[in-house]
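Here, each number is a calculation from the coordinates, and none is a lab measurement. Just so you know, these numbers come straight off a predicted model, no measurement behind them. Using ideal geometry, Cβ is built from the backbone for each residue, glycine included, and neighbour counts are taken over all protein chains shown.
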Amino acid sequence: AQSVTQPDIHITVSEGASLELRCNYSYGATPYLFWYVQSPGQGLQLLLKYFSGDTLVQGIKGFEAEFKRSQSSFNLRKPSVHWSDAAEYFCAVGGIGGAQKLVFGQGTRLTINP
Amino acid sequence: SQTIHQWPATLVQPVGSPLSLECTVEGTSNPNLYWYRQAAGRGLQLLFYSVGIGQISSEVPQNLSASRPQDRQFILSSKKLLLSDSGFYLCAWRRGQALYEQYFGPGTRLTVT
């Protein structure tokens, strides 16, 4: 079965610093990978997705992610974080079975120090 | 453009009372619809999904049920709420032809007292 691991439950970075959130997946075939962001009390917003092709994908809000098949990873990066980036971030992989379900990681909570 | 609505936004209900949460999608037809629950500090748990009117699949046995009376309407219900039903409930939709890509509603915060 597919699974997603986000090793870091909570990360704190200073405003203006670079950011990398880790995501590892377990999937037998070519994965469909996603990053979502959730502000407190809100729904999830799609940041970016990877299906195939260029392994470095660009998303909204200045985020990017790199797919590395050899490491089964899809890490999210941002060169310079802003206070408004404080949120919960979820990595997800497209699962097998009906209705094309997504399998989510447990999330990483990002705190920004001023 | 497509939008997804959920209501109510917040709900406080006593144990043993019934529940009805509604989700509607605008601007698309025949979407796949999903109900998730997010407990405090936890990830997302898929509860139900639907590929069409009247077609409901349950992911985990629980105190909840779902229905899809119209193409773009998805309802989450319970006859008798338990304390463990507290959480943040999220509805999501996927365009029928899109691969896995889901879009989420604003959520409903349910507190069972």
Inset, instruction - Run through all the Cα pairs of region B:3-112 and give the fraction in each 10 Å bin from 0, expressed as whole percent. - result: 15, 51, 28, 5, 0
Inset, instruction - Place +1 on the Cβ of every Lys and Arg and -1 on the Cβ of every Asp and Glu in region B:3-112, take the dipole about the Cα centre, and give the residue among B:L83, B:Y49, B:P8 whose Cα lies farthest towards its positive end. - result: B:L83
Inset, instruction - List, in order, the whole-Hz ³J(HN,Hα) value for each residue of region A:100-114 obtained from phi through the Karplus relation with A = 6.51, B = -1.76, C = 1.60 and θ = phi - 60°; use x for Gly and Pro. - result: 6, 6, 9, 10, 9, x, 7, x, 10, 8, 9, 10, 10, 8, x
Legend entry - Cβ-isolated cysteines (cut-off 4.7 Å), the protein assembly as shown: none
Legend entry - Selection of trypsin sites (Lys or Arg not before Pro), region B:29-101, meeting DSSP coil and at most 13 other Cβ within 10 Å: B:R42, B:K79, B:K80
Legend entry - Relative contact order of chain B, pairs being alpha-carbon contacts under 8 Å that are 6 or more residues apart, as %: 36
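Tell me, A:F74, A:F90 in order of fewest to most beta-carbon neighbours within 10 Å? Intermediate values should be presented prior to the final figure.
Details: A:F74 28, A:F90 25.
If I rank by nearby Cβ atoms, fewest first, I get A:F90, A:F74.
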Inset, instruction - With an 8 Å cut-off on Cα pairs and a minimum separation of 6 or more residues, tell me the relative contact order of chain A in percent. - result: 37
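What is the average number of partner chain Cβ atoms found within 10 Å of a Cβ in A:38-51? Before the final figure, lay out each step's value.
Values: counts 6, 0, 0, 6, 6, 13, 11, 2, 4, 0, 0, 3, 0, 3.
Mean shielding by partner chains, rounded to a whole number: 4.
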